[in-house]
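Read the structure below first, then the notes.
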Amino acid sequence: MTSTIRLKGIERMKEKITNLIIASLRDMTDDIQSLELENPNAETHLYGRTGILDSLGLVRLLADIEGRISEEFRKEITIADDRAVSMRISPFRTVGSLADHIERLLNEEGKS
C-alpha cells in the first residue's frame, strides 16, 4: 500500500513538471512556428537536430521553467548545470527527457 501511494506521488510530480514545461512552451508560441506546438506532449522535440528550439529559445524556456518550478515547488534549481550540459544523452531533447531531468534535480534538492 505504501509503495502504491509513493508511486502515485511520483507520477503526480512528473505530471506537474511536464505540465509546467508545456505551459512554458505554449507561452513561447508567438516566437516558435512549429506544428509540434499545436499539441505538445512528452514526445515533443525541444532541442537538437529535430528540435523546435534554437539555443536562445532553449535558454529562455529553461529560465521560465526555473521560475515556475520555484513558484510551484518552493525550490530553487539550475536546470542547465555542468552535469546536464556534459551528459552523453541530452536532457533537453524532449519534454519527457527534460521532465525526468527536473524531477531528478528536485529529488536531489530535497535530500540536501
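Is it the case that I21 is closer than 14 Å to G96 by Cα, modelled with pLDDT of 85 or more and surrounded by 13 or more Cβ atoms within 10 Å (Cβ to Cβ)? Explain how you work it out, then say what you get.
Working: closer than 14 Å to G96 by Cα: yes; modelled with pLDDT of 85 or more: yes; surrounded by 13 or more Cβ atoms within 10 Å (Cβ to Cβ): yes.
So I21 fits the description; yes.
What are the pairs with Cβ atoms under 8 angstrom where one residue, in the stretch 33-47, is among the β-branched types (V, I, T) and surrounded by 11 or more Cβ atoms within 10 Å (Cβ to Cβ) and the other, located anywhere, is modelled with pLDDT of 70 or more and in a loop (DSSP other than H, G, I, E, B)? Sequence gap at least six, or different chains.
Within 8 Å, the pairs are T44/I52.
If I69 passes every condition in (1) modelled with pLDDT of 95 or more; (2) among the β-branched types (V, I, T); (3) in contact with a strand residue (DSSP E or B) (Cβ under 7 Å, 6 or more places away or on another chain) but one, which one does it miss?
Tallying (1) modelled with pLDDT of 95 or more; (2) among the β-branched types (V, I, T); (3) in contact with a strand residue (DSSP E or B) (Cβ under 7 Å, 6 or more places away or on another chain), I69 fails exactly one: (3).
Taking the stated definitions as given, is V85 part of a helix (DSSP H, G or I), farther than 21 Å from D27 by Cβ and free of Cβ contacts under 8 Å to residues at least 24 places away in the same chain?
Answer is yes for this residue.
The values are calculated or read from the model by the stated rules, or taken from the named source; none is laboratory data. In this text the structure is predicted, and so the values were computed from the model without any measurement. Because the Cβ atoms are built from the backbone with ideal geometry, glycine has one as well, and the counts that use them run over all protein chains shown.
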